[in-house]
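The values are calculated or read from the model by the stated rules, or taken from the named source; none is laboratory data. On a predicted model such as this, the values are computed, not experimentally measured, just so you know. Every residue, glycine among them, receives a Cβ derived from its backbone with ideal geometry; neighbour counts consider all protein chains shown. These accessible areas exclude ligands, DNA and RNA; they are computed on the full protein's heavy atoms, side chains included. Shrake-Rupley method; radii C 1.70, N 1.55, O 1.52, S 1.80 Å.
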Amino acid sequence: MNKQPEITTDNFAGPLELLLQLLKKERLMITDVSLVAITDQYLSYLKRASEINLPLVGEYYILATTLMTMKSQALLPILDVDDDDQEDDQEDDASTLVARLKEYERYRQVTSQFKQLEQNGQEHYTIAPLMPPKLKPQLIIPAITSKQDLKTSYVYLLNKNNQTHKVPKIRNTWRYSIDTQAGLIRKKLLTAGSFLFHSLIADNDRQEIVTNFLAVLNMAKDGELLIKQQTQDELIIKRGGSHGN
């Protein structure tokens, strides 16, 4: 029993694949003349496939019919010179087959490039991102707040703002008011009870920092809130005895 020719690749299979392999075997270009030259080899494959009960779809036999028609045209003279329509149809069939085969070969080349890229990607290894260790919360007992502590915290907030944002040198309007910010602080005290001063800063803007700081000082003077220092640079705002009066 003759060995069946290999016609299947990793991505494509079918009659066009068989034609390409036969052309490459004979080192022929994709032309209608080359297809005529390998017609016998194509038909021989179909015969051997039927002898070993290999199932073949109808596309193989349709293509075989086209190849036999092309070969008969090349071998036999055209007897009826007036039958222009039939001659045109035969030329169209040959041209269509050549175009399909060229397009199929382009798809195979592109697919081969994709497979190579995929193989190259599998040769690289990645590691999971390193997560920072979880720090255990520590309770820091605040020290007694002094005027110098308030000044230190105020300067720290201004410097921190300057490190992350470029502040314009000239501002036409002041966009915050002490009364408005004081109202926001009162609402926050009602819901939170205590919070860090830095949590009042939403836009990290110099005007916002200054206005909130002045509002806190006024409310502390009126006894609405208490100011305690948590660390060297952060302040804790707590509800005062006259809050809500």
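Quick notes
- For the pair Phe195 and Leu130, a Förster radius of 22 Å applied to the C-beta separation gives a FRET efficiency near 0.10, rounded to the nearest 0.05.
- Sorting Ile201, Ile62, Ile127 by solvent-accessible area of protein heavy atoms yields Ile127, Ile62, Ile201, largest first, with a 1.4 Å probe.
- Extending 7 Å from the Cα toward the beta-carbon at both Arg186 and Ser72 defines two label points whose distance is 10.2 nm.
- Net charge contributed by nearby residues that have their C-beta within less than 11 Å of Gly193 (K/R +1, D/E -1): +3
- Full extension of the chain between Arg48 and Gln116 yields a length gain of 21.1 nm, computed as 0.36 nm times the residue separation minus the alpha carbon distance.
- Other-chain or far-sequence residues with amide H under 5 Å of Gln229's (modelled H): Ala143, Thr145, Ile236
- With 0.36 nm allotted per residue and the present C-alpha distance subtracted, the Leu214-Arg106 stretch has 31.6 nm of extension available.
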